[in-house]
Amino acid sequence: MLKHLAGLALAAGLFVAPLQAETPQPNPADWPAVLAEARGQTVYWNAWGGSTTTNEFIAWIGQRAAEDYGVTLTHVKLSNTADAVARVLAEQQAGLTSGGAVDLIWINGPNFAAMKEAGLLFGPFAEDLPNWQLVDVAGKPVQADFTVPTDGMESPWATAQVVFMYDSADMAPLADMRALLEWARANPGRFTYPQPPDFLGTTFLKQVLYEVVDDPSVLLAPVDQADYAAVTAPLWAYIEALTPHLWRQGRAYPETGTRQIQLLADDEVALAISFSPGEASAAIANGQLPASVRTFVPSGGSIGNASFVAIPFNASAKAGAMVVANLLLSPQAQARALDPAYLGYGTVLDMARLSPEDRALFDQIDLGIATLAPDQLGAALPEPHPSWMVQIETDWIARFGGGK
């Protein structure tokens, strides 16, 4: 679910600040006016379309938006979030300050950092949404995105944390990335990760880096503030050692997380990375994975983050987009997203802030046979600054992208 802008993210110097739209902007603090303006609007939500369960959840959100608020939601299915960002940028450079084609974007990481720096976002709006009062501000990463303050320019709707899905019929949980390397040497061809720039593949690289770097705190500052070559040398040594023992000896990689799950289902691999603690249970429930699949996290913790939605500065349906963002934060939507029967994503809500009736929606959810309880997930490591993601990805492609 974590896409990125790559080279465009570092080209902010080429951007010009957007002109102010002449039409009045909807004020999220005046929610009745927002609801009135939103009725009859069509919201084009540009969001990753690579998962059937995610697409079905977005369709359900669309049904609720239409029935409850008179808002039509159209899912523009993306393979790369950067495509939507580039469209907004092109409109900005053409002077289109209103009537834009993109109303809402599922976004985080380098894409958000680039759009925020370039002035491509509407807001702040998120912390004025009525359902913001239910958000777990203290316990969830909802006010910073890959270390970049959100400043109300994007609204959270799900949390994620790295887990490893494994077939318990073939192996036991592994303690850390060094143990994974040793296991791969003893079981050649039984592990792989999606090929960067797929976000899951890049996330695997970052997870390894966290465990092999001497001082992980350097990852929270921009990459140009560190000795990049020295910091990443242990990462590339690890990947060099691992690659010959991967599926197809590292000469090919699954293109996406969906393809990786299929390899696990076909017993071509016994171990795969996921960014959703409930993904394995959801895949078991819908028949994609065998019931013997379970999940584990490294003993030192794993990378965690939040997914957000943002509204471009020139969106045609800003009011409708805010209605959808608020709907995503509703207990009903959050409980459905948490349920592995539907999606299996983590919630951004604070259970203590919910009414007993709304809390019951969460208490009755069966998290699934392969889902770790919250106290089993361990520490959620913060995402590195987005510039690390861009540089590591670029270097991996140069070193390993052509196969060996």
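A few comments on the model shown:
- Any hit, segment 313-336, residues being in contact with a Gly (Cβ under 8 Å, 6 or more places away or on another chain), in contact (Cβ under 8 Å) with a residue 40 or more places away in the chain and farther than 23 Å from Phe112 by Cα: no
- Residues of segment 71-91 classified as out of contact with any helix residue (DSSP H, G or I) (no Cβ under 6 Å at 6 or more places or on another chain) and buried (at least 20 other Cβ atoms within 10 Å of the Cβ), total: 5
- Of the residues in segment 92-108, at least one is among the acidic types (Asp, Glu), in contact (Cβ under 8 Å) with a residue 12 or more places away in the chain and more than 21 Å from Val348 (Cα to Cα).
- When segment 28-64 is limited to residues that are outside any loop (DSSP other than H, G, I, E, B) and acidic (Asp, Glu), the one that is farthest from Pro331 (Cα to Cα) turns out to be Glu37.
- Within segment 65-87, restricting attention to residues that are more than 19 Å from Met115 (Cβ to Cβ) and not in a helix (DSSP H, G or I), the residue that is farthest from the chain's Cα centre (by Cα) is Gly70.
- Qualifying residue in segment 92-107 (condition: charged (D, E, K, R) and either part of a helix (DSSP H, G or I) or out of contact with any helix residue (DSSP H, G or I) (no Cβ under 8 Å at 6 or more places or on another chain) (or both)): no
- Odd one out for Gly40 among (1) modelled with pLDDT of 95 or more; (2) surrounded by fewer than 20 Cβ atoms within 10 Å (Cβ to Cβ); (3) within 17 Å of Met115 (Cβ to Cβ): (3)
- When residues of segment 143-159 are limited to those that are in a loop (DSSP other than H, G, I, E, B) and crowded, with 20+ Cβ neighbours inside 10 Å, the one modelled with the lowest pLDDT: Phe146
- Ala280 meets the stated requirement of being crowded, with 24+ Cβ neighbours inside 10 Å, under 19 Å from the mean Cα position of the chain (by Cα) and either small (Gly, Ala, Ser) or on the phi < 0 side of the Ramachandran plot (or both).
- For Val137, the conditions (1) in a loop (DSSP other than H, G, I, E, B); (2) β-branched (Val, Ile, Thr); (3) within 22 Å of Asn46 (Cα to Cα) all hold with the exception of (3).
The values are calculated or read from the model by the stated rules, or taken from the named source; none is laboratory data. What you are looking at is a predicted structure, and each value in this text was computed from that prediction instead of being measured. Quick reminder, even Gly has a Cβ in these numbers, built from the backbone with ideal geometry, and neighbours come from all protein chains shown.
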